[in-house]
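Got a structure for you, written out below as structure tokens; questions coming shortly.
Every number in this text was worked out from the coordinates using simple rules, so none of it is lab data. Just so you know, these numbers come straight off a predicted model, no measurement behind them. Every residue, glycine among them, receives a Cβ derived from its backbone with ideal geometry; neighbour counts consider all protein chains shown.
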Amino acid sequence: MAVVGFDFGYQSCFIAVARQGGIETIANEYSDRTTPAYVSFMEKNRAMGVSAKNQQMANMKNTIFGWKKMIGRNYTDPITQQEKGLLPFEIVQTENDGIGIKVQYLGETQVFNPEQITAMLFTKLKETAELNLKVKCKDVVISVPTYFTDTQRRALLDAAQLAGLNCLRLMNDTTAAALAYGIYKQDLPDEKEKSRNVIFVDMGHSDTQVSAVAFNKGKLKMLATASDPSLGGRDLDRILALYFAEDFKKRYKIDATQKPRAFARLLNECEKLKKLMSANSTSIPINIECFMEDKDVSGRMERSTLEELAAGQFARFEDVLRAVLDNANLKPADIDAVEVIGGSTRVPAVKETVQKVFEKEYSTTLNADEAVARGCALQCA
Ligand code: ATP
Ligand code: MG
């Protein structure tokens, strides 16, 4: 029996396993190492991961994603209400102020709570691991945001149990990254020497987490963490989508904010545009055919415009970076290295902010996407 590590992300998940010779990241049936955190319900069956995401546009109301923040919360919790406003499927209040996600499945209306949806996704990750490793996988280590409360952690453990998993440990995202870092660094100072202080910056799709860690050979000490639980790449996608929705309203007389399907398509296109803008500073086109009322729409943007539109988000990002220094009682000069992980650290303004605050070049020793899963797998090695 193998022990595997799951990075359970808001947008996508990774699976890793410790084997003789090192840590491996496991690919799914599409030969993809990332599995989207999507579950889609249909007339005859349900789909998880890639195939669920693929049918989002055709099955909007029954394709569930973005529920991670609602795990272990009540329906009337302000965060739940905020998330509800962003998601295109039906979220209802259940007994004892619980959260119900209402879908059409197997020909009837069914209501699942976020833990049950999580369990379905975990079942998929378990299957992926088993298919790949050709052994049963029951024991897992699962990543969790540093700011998750005890109730949320318990809910996540319940989800693992529902999926037939035995969760040996929930590991904080940034702790996992630190473990993945420590294991490969051969040149860490001896135990008696001054430790090496490393900052880990993880900006994902929905949140930002930063930690300060002191390393010596065979030893890792978490000095401090700081986070912004609601600052991530999805905010940039939304800012772009709202900008173009306004632009299209003027130029094409259509309002994408009023049509969930159109807005979801716009968000997807804006995410692609955002990624292209990370690599190019020139103006980049966005084109969507048959967007609304049979109209084809197009627009353009360059990176500097995104930076202006999202100036508030980048300022909040800077606040988190400064908070970790404060919390750890460290100055930029005390920091030996800064490691960036998480998809959104590919945004140039994010990297520039990291360099500005810590007054040094950032490093990318770790695989930005896989580090968390690898750290989780390491814990069980
Ligand atoms: P979370 O950590 O919030 O639970 P996650 O782990 O699923 O979410 P990641 O996979 O780390 O998130 O990052 C996904 C985010 O990174 C998305 O917003 C995606 O658009 C963004 N991203 C990925 N590549 C790039 C790029 N080249 N430029 C800009 N953003 C990118
Ligand atoms: Mg993540």
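Looking at THR146, THR151, THR175, which one is within 12 Å of ligand 1 (Cβ to nearest atom) and either touching a residue at least 40 places away in the same chain (Cβ under 8 Å) or buried (at least 22 other Cβ atoms within 10 Å of the Cβ) (or both)?
From the options THR146, THR151, THR175, the qualifying one is THR146.
Still on this model: Which strands (runs of 3 or more DSSP E) does the stretch 139-255 wholly contain that include 3 or more residues that are of a type in the set (D, E, K, R)?
Result: 219-228.
Residue by residue, here is whether (1) charged (D, E, K, R); (2) touching a helix residue (DSSP H, G or I) at 6+ places or on another chain (Cβ under 8 Å) holds:
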{"residue": "GLN313", "(1), (2)": "no, yes"}
{"residue": "GLU318", "(1), (2)": "yes, yes"}
{"residue": "ARG346", "(1), (2)": "yes, yes"}
{"residue": "VAL354", "(1), (2)": "no, yes"}
{"residue": "THR364", "(1), (2)": "no, no"}
{"residue": "GLY375", "(1), (2)": "no, yes"}
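Give the number of residues within the stretch 33-51 that are under 22 Å from ARG374 (Cα atoms) and not hydrophobic (A, V, I, L, M, F, W, C).
Here the count works out to 6.
Quick one: is ARG261 in contact with a His (Cβ under 6 Å, 6 or more places away or on another chain), under 29 Å from ASN54 (Cα atoms) and surrounded by fewer than 23 Cβ atoms within 10 Å (Cβ to Cβ)?
Details: in contact with a His (Cβ under 6 Å, 6 or more places away or on another chain): no; under 29 Å from ASN54 (Cα atoms): yes; surrounded by fewer than 23 Cβ atoms within 10 Å (Cβ to Cβ): yes.
Answer is no for this residue.
Kindly establish whether SER195 is away from ligand 1 (no atom under 16 Å from the Cβ) and either buried (at least 16 other Cβ atoms within 10 Å of the Cβ) or charged (D, E, K, R) (or both).
So SER195 fits the description; yes.
Please tell me if SER211 is surrounded by fewer than 18 Cβ atoms within 10 Å (Cβ to Cβ) and within 16 Å of ligand 2 (Cβ to nearest atom).
Criteria not met by SER211.
Out of curiosity, is LEU273 over 21 Å from the mean Cα position of the chain (by Cα), free of Cβ contacts under 8 Å to residues at least 40 places away in the same chain and under 25 Å from GLN11 (Cβ atoms)?
Answer is no for this residue.
Kindly indicate the residue of the stretch 331-354 that is small (Gly, Ala, Ser) and either within 16 Å of ligand 1 (Cβ to nearest atom) or surrounded by 23 or more Cβ atoms within 10 Å (Cβ to Cβ) (or both) and also nearest to VAL213 (Cα to Cα) among those meeting that condition.
Only one residue tops the list, namely GLY342.
Moving on. Between a residue in the stretch 231-258 that is closer than 20 Å to TRP67 by Cα and any residue that is of a type outside the set (Asp, Glu) and surrounded by fewer than 14 Cβ atoms within 10 Å (Cβ to Cβ), which pairs come within a Cβ distance under 8 Å, given they are 6 or more apart or on different chains?
ARG238/LEU86
Quick one: LEU157 ticks every box in (1) more than 16 Å from ligand 2 (Cβ to nearest atom); (2) in contact with a helix residue (DSSP H, G or I) (Cβ under 9 Å, 6 or more places away or on another chain); (3) closer than 19 Å to GLY66 by Cα except a single one, so which number is it?
Unmet for LEU157, out of (1) more than 16 Å from ligand 2 (Cβ to nearest atom); (2) in contact with a helix residue (DSSP H, G or I) (Cβ under 9 Å, 6 or more places away or on another chain); (3) closer than 19 Å to GLY66 by Cα: (2).
Next up: Look through the stretch 3-28, keep the residues that are surrounded by fewer than 22 Cβ atoms within 10 Å (Cβ to Cβ) and of a type in the set (D, E, K, R), and return whichever of them is farthest from ligand 1 (Cβ to nearest atom).
Checking each candidate, the answer is ARG19.
Look through GLU246, GLU271 and report the one residue that is within 30 Å of PRO145 (Cα to Cα) and not aromatic (Phe, Trp, Tyr).
It is GLU271.
Further question: Quick check on my filter: what residues within the stretch 2-35 are of a type in the set (A, V, I, L, M, F, W, C) and within 16 Å of ligand 2 (Cβ to nearest atom)? Can you show your working first?
Looking only at the stretch 2-35, we keep the residues that are of a type in the set (A, V, I, L, M, F, W, C), and these are 2-4, 6, 8, 13-18, 23, 26-27.
Selection gives PHE6, PHE8, CYS13, PHE14, ILE15, ALA16.
Is it true that SER51 is at positive phi, more than 15 Å from ligand 1 (Cβ to nearest atom) and of a type in the set (Ser, Thr, Tyr)?
The answer is no for SER51.
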